[in-house]
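Presented below is the structure to which this report refers.
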């Protein structure tokens, strides 16, 4: 599909055309599923996340920018959904120690302690970012705003947002790598 056709579809989507949403869904679903599945390794979860992206796209259609890369936008939206899924999943995958077999208690205690240490290390690393970089990072990762949305809200250029995100990821890698969280850092870099 050419850029002109895609811009035309984005314009129709902004005006509330349901058929255009269906066409975009049909033409992008398989590609976005591959991205989501490569991250989640779960078909059902991947389908749900991709569908959520299209629901959000429909709900936020008035804010779509016809000048931005629509394919890039969808690609990043799916990655952000996967990141949010993993973050929320880690919040809820804690088993109550009282319900666990006694032989597993010490293992689970170690895991909970390690997860708690990791969460604390991440919070400390994020809070130690320079203020503007931290704000941009949190808007992108916690509030799931696009670079253009962040730029508009903070009255800065998209390139400045990109600079702050690059800087944030670099500083987080530097801060967390001595603690032995290399696989997490690689995941953070890949998802973001």
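Since every read-out is calculated from the coordinates, none of them should be taken as a lab result. These numbers were taken from a predicted model, which means no experiment stands behind them. Cβ atoms come from the backbone with ideal geometry, glycine included; neighbour counts cover every protein chain shown.
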(message) In Å and on Cα atoms, what radius of gyration and Dmax does region 1-93 show?
(response) 13.7, 45
(request) Evaluate the distance, in nm, between pseudo-label points positioned 7 Å from the Cα of residue 152 and of residue 124 along their respective Cα→Cβ axes. (result) 3.9 nm
